[in-house]
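Inspection log for the structure reproduced underneath, given as structure tokens.
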Amino acid sequence: MKNRTLICSLVAIASGILGGYISGQTTLMLHSQKCHNQPWAVQQLCNTWVTPGAIWQGSTTGLWIGSILGAFVAGMATSQNRN
């Protein structure tokens, strides 16, 4: 039982970190598309303005969803069949 808890916790943490990174990058790409049709200087300012909020929003969402899904998958993988 202790090993199952440890495995589920480690998988949840790892998938949360991975999900946070991927989601942060994806959200940043989506938010920075709003800046692409601007002149160069305005585009740089726009990207600077958008980046922190986009990374924060995407990372927290990805962290939560990755952790929940990772714990669920690890729990299913380590479950014992009871007959």
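Convex hull volume of the Cα atoms of region 6-48, normalised per residue: 49 Å³. Note the angle between two axes, namely the Cα long axis of helix 2-32 and the longest principal axis of the Cα atoms of the chain, as a number of degrees from 0 to 90, rounded to the nearest 10. Computed tilt is about 20 degrees. Our estimate of slack between residue 65 and residue 9, defined as 0.36 nm per intervening residue step minus the Cα-Cα distance, is 18.7 nm. Here the scattering of the chain is modelled by Debye summation over its C-alpha atoms, one equal scatterer each and no solvent; at q = 0.17, 0.18, 0.20 Å⁻¹ the log10 of I(q)/I(0) is -0.69, -0.73, -0.81.
Once the C-beta distance of residue 42 and residue 22 is scaled by a Förster radius of 22 Å, the resulting FRET efficiency is 0.15 to the nearest 0.05.
Residues considered: 12, 54, 41. Largest GNM mean-square fluctuation over the chain, using C-alpha springs under 10 Å, is found at 41. Isolated cysteines of the chain, defined as having no other cysteine beta carbon under 4.7 Å away, are 8.
The mean sequence distance of close C-alpha pairs (under 8 Å, at least 6 residues apart), as a share of the length of the chain, puts its relative contact order at 50 percent.
The angle separating the long axis of helix 40-77 from the principal Cα axis of greatest extent in the chain is about 10 degrees.
Any read-out appearing in this document is the output of simple, stated calculations on the displayed coordinates, not a laboratory observation. What you see is a predicted model; the values in this text were computed from it and never measured. Virtual Cβ from ideal backbone geometry, glycine too; neighbours counted across all protein chains shown.
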